Amino acid sequence: MTPDEDVVELLRQLVAIDSVNPSLVADAAGERHIAELVARWANGVGLAAEIIEPVSGRPSVIVRGGTRGPGRTLLLCGHLDTVGTAGMRDPLTPRVDGDRMYGRGTYDMKAGLAAALIACRDATDAGITGEVIVAAVADEEHSSTGVQHALQHLTADAAIVTEPTELAIATAHKGFVWTEIEVQGKAAHGSRPHLGVDAILKTGPILVALNELNERLRSAAHPTLGPATLHASLITGGIEESTIPDRCLLTVERRTLPGETTADVGREITDLLAACRDADPDLNAISRTTLAREPFQIDRDAPIVHALEAATLATLGQRAPITGMSYWADSAFIAAAGIPTVLFGPPGDGAHAEIEWVDLPGTIACARTLTAAASTFCS
Ligand SMILES: [Zn+2]
């Protein structure tokens, strides 16, 4: 098989293994079998592979190629897990139709992972004087425990996360903050409203204020990410039709731009509630942050950005565009560990959707580009 055929065959094998994240879907397969495949494949082509399994059934694999010589170390990172397969037809049977391969995880992101592994092998065979590490990590689709643990086992001079970017070089992505806002009321019989406080109606002005805040956020757009946004994602409250509700719980997701911190968002919500309280002194509302993930951004002129641009010029015939991704990814953790990071992966569509596919010529181009980038960066 040629290297181009190898990446498609490896992708086919990866897609055929169920690796649905069990933190998302009860009793799902997890990463054990796919981690074993990656380690077996790596050993079979002469690369060292180490399975790390801090939580039983949730392993990551660290594959090492090249030499620990004078050259630099490049980390290629992809996740092993996928989201669930509800509503899909034959999600684990990779099906090729024209230039596309269909199946759960083809696009997000087993094609990127296959390209990274092939690049590790081919850069090693090309005789680089540095090291290429592939971290094939667990649990990106839930809590990112895999990458956080892998980072305790490795370091690198730069990293490429091979999530799908349509063969563009992504130098930024947004973060997010989840905030719960709890409004307290007082239960009473619906016929005696003077004895109660309606927590759901009290939440109304907060929703209006959040909508106004979302409008204001539009005025400051990041060059590749656009504006920060928020949405009201969950709301619960009430007991029954004839009872004044004593509690309303609202969850807001705020997507953050590079430079915005979790504390900034916390203050923004606290100030918003304070303004609502000024208008309604009886309002009893508190907020708390339940989960936060940092945004990510790298300097446009970082060496890894230039190396990847040169590699795309060599393999794609033109310099790949610089872009930002709307989604959050493990890149934020890698960058936070002090490793300059970019995202670069193949084209396709249907991440987390019922019909998911990846472009095969694009996957081959991705593998070639990663090989070229590793060959120059690690020499
Ligand atoms: Zn992904």
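A quick yes/no check of all residues on (1) modelled with pLDDT under 95; (2) within 15 Å of the ligand (Cβ to nearest atom):
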{"position": "Tyr327", "(1), (2)": "yes, yes"}
{"position": "Ala332", "(1), (2)": "no, yes"}
{"position": "Ile339", "(1), (2)": "no, no"}
{"position": "Leu343", "(1), (2)": "no, yes"}
{"position": "Pro346", "(1), (2)": "no, yes"}
{"position": "Ile355", "(1), (2)": "no, no"}
{"position": "Asp359", "(1), (2)": "no, no"}
{"position": "Thr371", "(1), (2)": "no, no"}
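Every listed requirement among (1) assigned to a helix (DSSP H, G or I); (2) surrounded by fewer than 11 Cβ atoms within 10 Å (Cβ to Cβ) is met by Glu240 save one, (1).
Restricting attention to segment 157-203, and to residues there that are of a type in the set (S, T, N, Q) and within 16 Å of the ligand (Cβ to nearest atom), which single residue is surrounded by the fewest Cβ atoms within 10 Å (Cβ to Cβ)? First the steps, then the outcome.
Narrowing segment 157-203 to residues of a type in the set (S, T, N, Q): 162, 165, 171, 179, 184, 191, 203.
Remaining after also requiring within 16 Å of the ligand (Cβ to nearest atom): 162, 165.
Working: Thr162: 27, Thr165: 24.
Top of the filtered list is Thr165.
Do any strands (runs of 3 or more DSSP E) lying entirely in segment 156-237 carry at least 2 residues that are without any contact (Cβ under 8 Å) to a residue 24 or more places away in the chain, and which ones are they?
Working: elements: 158-161, 169-173, 175-184, 229-237.
By residue number, 229-237.
Can you tell me which residue within segment 124-156, out of those that are more than 26 Å from Ser23 (Cβ to Cβ) and either β-branched (Val, Ile, Thr) or not assigned by TED's automatic domain parsing to the domain that holds Thr82 (or both), is nearest to the ligand (Cβ to nearest atom)? Steps first, please.
Taking segment 124-156 as the starting set, the residues that turn out to be more than 26 Å from Ser23 (Cβ to Cβ) are 124-132, 155-156.
Then keep just the ones that are either β-branched (Val, Ile, Thr) or not assigned by TED's automatic domain parsing to the domain that holds Thr82 (or both); that gives 124, 128-129, 132, 155.
On the way: Thr124: 25, Ile128: 27, Thr129: 32, Val132: 21, Thr155: 23 Å.
Applying the filter and picking the extreme gives Val132.
Of the residues that make up segment 116-123, is at least one in a loop (DSSP other than H, G, I, E, B), surrounded by fewer than 24 Cβ atoms within 10 Å (Cβ to Cβ) and more than 13 Å from the ligand (Cβ to nearest atom)? No, every residue in segment 116-123 fails to be in a loop (DSSP other than H, G, I, E, B), surrounded by fewer than 24 Cβ atoms within 10 Å (Cβ to Cβ) and more than 13 Å from the ligand (Cβ to nearest atom).
Against the conditions (1) away from the ligand (no atom under 16 Å from the Cβ); (2) at pLDDT 95 or above; (3) out of contact with any Gly (no Cβ under 6 Å at 6 or more places or on another chain); (4) not basic (Lys, Arg), Pro22 satisfies every one except (3). Among the candidates Arg95, Arg68, Arg40, Arg100, the residue that is surrounded by 15 or more Cβ atoms within 10 Å (Cβ to Cβ) and among the basic types (Lys, Arg) is uniquely Arg100.
Taking the conditions (1) more than 16 Å from the ligand (Cβ to nearest atom); (2) outside the structural domain of Ala221 (by TED's automatic domain parsing) in turn, Ala285 satisfies each one other than (2).
The values are calculated or read from the model by the stated rules, or taken from the named source; none is laboratory data. The structure presented is a predicted model; accordingly, all values stated were derived computationally and were not measured. For neighbour counting, all protein chains shown are included, and Cβ atoms are generated from backbone atoms with ideal geometry for every residue, glycine included.
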